[in-house]
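The structure appears right after this line, and notes come after that.
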Amino acid sequence: MDVLFARRATLRRSVRLLSEFRYEQRDPARFYGALATDTALMVGDLWRGLSGSDLTGRLVLDVGGGPGYFASAFDAAGARYIGVEPDPQEMHAAGPAVGQHAGTFVRASGMALPFADDSVDICLSSNVAEHVRRPWQLGNEMLRVTRPGGLVVLSYTVWLGPFGGHEMGLTHYLGGARAAARYERKHGRPAKNNYGSSLFAVSASDGLEWAASTGAAVATFPRYHPQWAWWLTSVPVLREFLVSNLVLVLSPQ
């Protein structure tokens, strides 16, 4: 079912997305807007591969949806969007302009989603699993609320990849606690994505093992890599350093 997205996963796309990462801190609207557009296209391709139809009218639940960039992208694709975000500051971080005409927003935790079993068509979580202590509880909640034959897309940053430390940079290779202490000494404040409180070490193997254990896994691939580099996901050890961001695609039955 990943064949459609594989055609889009070109080297040009990878370079374009990589170039946008430099704007995450100074121009988040540019960075997250580009990421949201790409994510909606990715989810649309995966849904089309699974169901044979586009996103029009489908109910998408975005766990950790933040301030609404993704809402606008999915609205443009014709989907009905619900964003879940536990942090009110994060929910309003982009101001009133972003997402104000798109979707519904719920303040809640992804660890206990306030939705009935089998109630959404598509459940997405983009770069949230590394920020919670029990990422696979999050994954299980996503599966619970997704209807049989629906789509779950859980994407997260792999700890030992080059972006695992987030704003701490490559110092996370010194160890998470040491990197966090070094950041605080340098900047006079903890990192927003602070190891041990809002950032945790999640491996590629952890995600692959959890997905396999559910019996619902249908595809896994590195989110930002061109298709010809997807083989990295299948190589133990190497994938921890080179996959960077892992996508787990599941369909409950």
Inset, instruction - Kindly provide the set of residues from the range 244-253 that are over 22 Å from residue 166 (Cα atoms) and open to solvent by less than 50 Å² (accessible area, probe 1.4 Å), ordered by number. - result: 249, 250, 251, 252
Legend entry - Residues located in the range 4-56, provided they are small (Gly, Ala, Ser), buried (at least 17 other Cβ atoms within 10 Å of the Cβ) and assigned to a loop (DSSP other than H, G, I, E, B): 9
Inset, instruction - Please specify each residue of the range 111-135 satisfying the condition of being among the hydrophobic types (A, V, I, L, M, F, W, C) and open to solvent by 50 Å² or more (accessible area, probe 1.4 Å). - result: 112, 116
Inset, instruction - Would you be able to say whether some residue in the range 164-181 is touching a residue at least 24 places away in the same chain (Cβ under 8 Å) and under 21 Å from residue 86 (Cβ atoms)? - result: yes
Inset, instruction - Could you check residue 253 against (1) in contact (Cβ under 8 Å) with a residue 40 or more places away in the chain; (2) in contact with a helix residue (DSSP H, G or I) (Cβ under 9 Å, 6 or more places away or on another chain) and say which number it fails? - result: (2)
Inset, instruction - Determine whether the range 62-70 contains at least one residue that is open to solvent by 50 Å² or more (accessible area, probe 1.4 Å) and out of contact with any Leu (no Cβ under 7 Å at 6 or more places or on another chain). - result: no
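The values are calculated or read from the model by the stated rules, or taken from the named source; none is laboratory data. Source: prediction; values computed, not measured. Positions of Cβ are generated from backbone atoms using ideal geometry, with glycine treated the same way; all protein chains shown enter the neighbour counts. Remember, those area values only see protein heavy atoms, side chains included, never the ligands or the DNA or RNA. Shrake-Rupley method; radii C 1.70, N 1.55, O 1.52, S 1.80 Å.
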